[in-house]
Amino acid sequence: MRTFIDVLDLLKRYDIYIHVGKRLWDIELAALEIDNMYKAGLLDIKEYGQIKLVLTHEHELEERRNGNN
């Protein structure tokens, strides 16, 4: 997992499609879905950690773009 698109592609494999309307909200919802997948045992700790790093990075970038520091 390197990009937000990679995360969305993973979610799509489980029939989870995310499009709320704002990229920041999409990232936050994806993070919630990933947490649920991890709790359900669908992700191992290494994959979960990598995905969370990607989502945290994307969230920070999006906040900077929107001036929400």
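Let's see how each residue does on (1) touching a residue at least 40 places away in the same chain (Cβ under 8 Å); (2) touching a Phe, Trp or Tyr at 6+ places or on another chain (Cβ under 6 Å):
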site: Lys12; (1), (2): no, no
site: Tyr17; (1), (2): no, no
site: Asp26; (1), (2): no, no
site: Tyr38; (1), (2): no, yes
site: Glu47; (1), (2): yes, no
site: Leu55; (1), (2): yes, no
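Please enumerate the residues belonging to segment 1-39 that are of a type in the set (D, E, K, R) and under 11 Å from Leu55 (Cα atoms). Write out each step before concluding.
Filtering segment 1-39 down to residues of a type in the set (D, E, K, R) leaves 2, 6, 9, 12-13, 15, 22-23, 26, 28, 33, 35, 39.
Passing the criteria: Arg2, Asp6, Asp26, Glu28.
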In segment 43-59, which residues are among the aliphatic types (A, V, I, L, M) and surrounded by 14 or more Cβ atoms within 10 Å (Cβ to Cβ)? Leu43, Ile51, Val54, Leu55
Identify all residues within segment 23-42 that are surrounded by 15 or more Cβ atoms within 10 Å (Cβ to Cβ), of a type outside the set (Asp, Glu) and under 18 Å from Ile5 (Cβ atoms); write none if there are none. Arg23, Leu24, Ile27, Leu29, Ala30, Ala31, Ile34, Met37
Checked against (1) within 14 Å of Met1 (Cβ to Cβ); (2) among the aliphatic types (A, V, I, L, M); (3) in contact with an Asp or Glu (Cβ under 9 Å, 6 or more places away or on another chain), Val20 satisfies every condition except (1)
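Read the figures in this text as sums done on the coordinates, not as results from a lab. Computed from a prediction, not measured in an experiment: that's the story for all the values here. So basically every Cβ, Gly included, is an ideal-geometry build from the backbone, and we count neighbours across all protein chains shown.
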